[in-house]
Structure formats: C-alpha cells, structure tokens
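Colleague: Let me give you the structure first, and then I'll get to my questions.
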Amino acid sequence: MSPPILRIRSDDKRPEQADAVVIGGGIVGVSTGYFLAKRGLSVAILEKGYIGGEQSSRNWGWCRQQNRDARELPLSALALRLWDETTRDIGRDLGFRRCGLYYASDNAKQIATWEDWGSKHGRPFGVRTRMLSAAEAASVMKGSANRKWLGGVLSMDDGTADPALAAPVIAEGARALGATIHQDCAARGLDITNGAVSGVITERGVIRTGAVVCSGGAWASAFCRRHGISFPQASVRASVLRTRPLEGLPPALSTPECTLTRRLDGSYIVAISGRGTLEFTPQALRYAREFMPMFMKRIKAVEFGIGRSFFRGPEALGSWDFDKESPFEQIRVLDPAPDQGAVRRLLGCVKQLYPVMKDVTVSDAWGAYIDSTPDAVPVISAIDRIKGLVLAAGFSGHGFGTGPGAGHLAASLVTGEQPAVDPTPFRFSRFGDGSKVTVGAI
C-alpha cells in the first residue's frame, strides 16, 4: 500500500512553452522547480503520478551529515541550511526538525568506524558530532536492558523532515512563485533539434523549452536510454512499516538492526538499516559489471530476487513511440508490496530493542524502490550529448535529506550561475571517462 501523503491540486492549463521543464515530482524535482522559479524562470513540473508519490514519501525522513560520504558532505550541509530557509520562505511546515540523530551499537568495529569518520571527515568539515559512551548509549536505549551497548554517536545539528509533507509543500511553494504543476502527465521523451533540447513531449502535447531537468528517480535510466544515453542505475527494493503512536523513544535512532524515526503524529517509521533486495531485471543485468564493486562491498546488505519488475516497470525491456502510451503511463505510481518477512523482522526488532513495546502494533507498511548508482553518489550533471538536459538522479537512498541541496545545484546548472557546491563529484561523465568507482557510504 502507499504511505500517507498530502495531495495537492494540478494546474488546469498546460503551458505551450516554459523557460525550464522539470520531469519528476519527487523532492529533488520540486526543489529544482522551486529554486528555478525563485530565480525568475517560468517552470513546468511534470509528474506521471502525483507529487511525492514514489520514494519521496516512502523513506525514513532523515536529513543528515553524519556518516555521509565525503563527496556528499558539502551537498548535505547546503541541504540542511535550505531545509530551514525553505520552511521560512514558504511559510508552511515541512516537518523539518533539528532533533539530532542518535546511533547506538554493541559492535566495537562499527563504533570505531563512526569515530574514524568523525575525526577524518565530520569535525574537520564542521559537523557537530559527539561519540557516546557505553553509559550514554544505554541511556538513549532506555528500556533495552537485555543488551550491552558499547557506545554510539550523536549528530547534534542533523534532523528529520516529514515525507508526507515535504515534496507537496515545496511544490506549492514553487507554484506561489509562478511554476505550474502537472500531475498524471507523463513526459514521454524529449524533442531534440540539432543536438539540443527544444521541447518535452508529454502525453498531453509538447511543451517548448530549451532546458530540462530529468529527476525521474527509478525511471531516469529508462528515460535516458530512450535517447541513447547509458545511465547505470539499479533499484533496491526496501520495506518500511509505521507503528501507531509511541511514547518514550528518541526522535531518530539507528541501531545495527533497524532505524526508528518519529513522525509528527507520534507514530514511528521503522526500517532495516542498510539492507534491501536487488531484483534481477534486464537493466540490472545490463549494468551488472558497473555495479560489481558495490555488490562485493555490500554483499551482506543486499539480497537478490526476481520480481514483476523483470517484465514490467522502469527496469524492463522495451522502447516506445512518443505518440503512443509509454511505460510511464502504464505505471503511474511505483508501489511495490512490502516484503512481509521484512515487516515481521522489523516488528521483532522493535520488540527486542524495547521489551516494554511488546504490544506495539503496525499501522501500515509499504514497499519502495531506491534508485542507486554504482558508487552510491548521485548524478547531478549536465549531459553533454544533449545540450540543455540536466540529469538529477541515482540518489541511492540519500535523496530526501539532500533534496533541497540537490535541487539548488540542478537549478544552478540550468541557469549557469555559480553553484553553491562543487558539482564535480556528481558529474555524469565519471561513469564513462575511466574514473575509478569508489563505493560511498550507505
């Protein structure tokens, strides 16, 4: 089932032309549209389903610098600042709270990894992070007396936002600045003239434009492939559950088995830390060689399986004509069923961590596809092959927290303004120019 999310209206009239078109109404897409509109451009945001309907409403809600890959730290810091500023400027709650993120473990090696990250990356970059003693970790994990906690870490300035609110509210903020929002309106492809974007072909007609940002999440590789662009991308299927409101737990906590995140209504999102299922699909097989370093590094964190996505969905075989129904219209919202075995393990995790929660019940559960790149670092980059096209995808589970920063960077690439962060680590060309693939943090 789909998670709860604020539903917003679409604009009645599709523009015949726009300064920029954003394909994909997730957190990255609407943030891109917001910052483009804030810079005075006319913007159309296209979403084949509804705003925030896929991964942007199915994630944990974490907005963090802690344990980020060093390449993503500047983007994460920018995003945290923009979560605050965007909330203020739009004047509506995004559910963003700098509540601090707690990590606790009984694994000495894991604790050493956290400490090493803090000394090498966190503190030199200005991240306020503090190691927790065994006693402090036990205090955070109050109620789990049957386990010997060795320590942990607290990232003081990090926090969470509400996936049920963030993307729709930012989209409304973009509309207030003049952007138009078009849901149930799939982009079938690009109209290209002399190697440059001249329009976007939608199921409802063409929008003339010279600038397009593709932020299509799990669908981005298929969209690019239709135009001869090879974007290595794989989707990891994950399951999440939501409890009924609970009392007495930290607002955001990561343990070796699972993470817990409080929502505004007091319920908790529970997810398995760093694990998921990679399904064998034509796309996964096509890019298996590129993803081999990640598979080898995370072999214990990834399960393998075959699902419906082999035959239907963003990773299946097939092409389409621009004047006929596309795969984006056949599946308006990518809504995989949750893995019931994973849901049972998650519920067991909560009860094991907190025996006093033995009677906790599940409010709902859902599945999600996390679009990943071979190095777990996103692509936010102009595509040299097609002038006017910017790709912003492959966020590898980090897209929600970094969404405002990613949108700000993508908008800068469209306008040609000086980016607030160095775009080099996110360049698309790294997958074809002989650069060594170094797998980033989960």
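The values are calculated or read from the model by the stated rules, or taken from the named source; none is laboratory data. Please read these numbers as outputs of a predicted model, since none were measured by experiment. Here Cβ is always computed from backbone atoms with ideal geometry, including for glycine, and neighbour counts include all displayed protein chains.
Colleague: If Asp106 satisfies every condition in (1) touching a Leu at 6+ places or on another chain (Cβ under 6 Å); (2) within 22 Å of Pro74 (Cβ to Cβ); (3) of a type outside the set (Val, Ile, Thr) but one, which is the exception?
Modeller: So the condition that Asp106 fails would be (2).
Colleague: Look through region 400-437, keep the residues that are in a loop (DSSP other than H, G, I, E, B) and touching a residue at least 24 places away in the same chain (Cβ under 8 Å), and return whichever of them is surrounded by the most Cβ atoms within 10 Å (Cβ to Cβ).
Modeller: So, considering only residues that are in a loop (DSSP other than H, G, I, E, B) and touching a residue at least 24 places away in the same chain (Cβ under 8 Å), the one surrounded by the most Cβ atoms within 10 Å (Cβ to Cβ) is Val421.
Colleague: Next up: Looking at the structure I just gave you, is Val343 under 22 Å from the mean Cα position of the chain (by Cα), of a type outside the set (Phe, Trp, Tyr) and part of a helix (DSSP H, G or I)?
Modeller: Here the answer is yes, as Val343 does meet what is asked.
Colleague: Still on this structure: Ile45 passes all but one of (1) buried (at least 22 other Cβ atoms within 10 Å of the Cβ); (2) over 30 Å from Gln330 (Cα atoms); (3) hydrophobic (A, V, I, L, M, F, W, C); which number fails?
Modeller: That leaves (2) as the condition not met.
Colleague: Would region 79-91 turn up any residue that is over 21 Å from Phe426 (Cβ atoms), among the acidic types (Asp, Glu) and either modelled with pLDDT under 95 or not assigned by TED's automatic domain parsing to the domain that holds Leu165 (or both)?
Modeller: Looking for residues that are over 21 Å from Phe426 (Cβ atoms), among the acidic types (Asp, Glu) and either modelled with pLDDT under 95 or not assigned by TED's automatic domain parsing to the domain that holds Leu165 (or both), one finds none in region 79-91, hence no.
Colleague: Please work out if Gly397 is assigned to a loop (DSSP other than H, G, I, E, B) and assigned by TED's automatic domain parsing to the domain that holds Cys63.
Modeller: Considered against the rule, which asks whether it is assigned to a loop (DSSP other than H, G, I, E, B) and assigned by TED's automatic domain parsing to the domain that holds Cys63, Gly397 comes out as yes.
Colleague: Output the residue which, of all residues in region 106-137 that are crowded, with 21+ Cβ neighbours inside 10 Å and touching a Gly at 6+ places or on another chain (Cβ under 6 Å), is farthest from Gln65 (Cα to Cα).
Modeller: The selected residue is Ala137.
Colleague: Answer yes or no as to whether Phe280 is touching a residue at least 24 places away in the same chain (Cβ under 8 Å), among the hydrophobic types (A, V, I, L, M, F, W, C), under 28 Å from Leu190 (Cβ atoms) and not assigned by TED's automatic domain parsing to the domain that holds Ala108. So that I can check it myself, show each step before the final result.
Modeller: On the way: touching a residue at least 24 places away in the same chain (Cβ under 8 Å): yes; among the hydrophobic types (A, V, I, L, M, F, W, C): yes; under 28 Å from Leu190 (Cβ atoms): no; not assigned by TED's automatic domain parsing to the domain that holds Ala108: yes.
Considered against the rule, which asks whether it is touching a residue at least 24 places away in the same chain (Cβ under 8 Å), among the hydrophobic types (A, V, I, L, M, F, W, C), under 28 Å from Leu190 (Cβ atoms) and not assigned by TED's automatic domain parsing to the domain that holds Ala108, Phe280 comes out as no.
Colleague: Leu177: touching a helix residue (DSSP H, G or I) at 6+ places or on another chain (Cβ under 9 Å) and under 30 Å from Asp116 (Cα atoms), yes or no?
Modeller: Taking the combined requirement at face value, the residue does not satisfy it.
Colleague: Hey, among Ala218, Ala222, Ala176, which residue is more than 21 Å from Ala316 (Cβ to Cβ) and hydrophobic (A, V, I, L, M, F, W, C)? It would help to see each step written out before you state the result.
Modeller: Details: Ala218 fails: more than 21 Å from Ala316 (Cβ to Cβ); Ala222 fails: more than 21 Å from Ala316 (Cβ to Cβ).
Being more than 21 Å from Ala316 (Cβ to Cβ) and hydrophobic (A, V, I, L, M, F, W, C) holds for just one of Ala218, Ala222, Ala176, which is Ala176.
Colleague: Let me ask you something else. Quick check on my filter: what residues within region 388-439 are under 30 Å from Thr259 (Cβ atoms) and β-branched (Val, Ile, Thr)?
Modeller: Thr402, Val421, Val437, Thr438, Val439
Colleague: Still on this structure, please answer the following. Name every residue in region 392-430 that is under 30 Å from Ser254 (Cβ atoms) and over 14 Å from the mean Cα position of the chain (by Cα), in order of residue number.
Modeller: Within region 392-430, His408, Leu409, Ala410, Ala420, Val421, Asp422, Pro423, Thr424, Pro425, Phe426, Arg430 meet the criteria.
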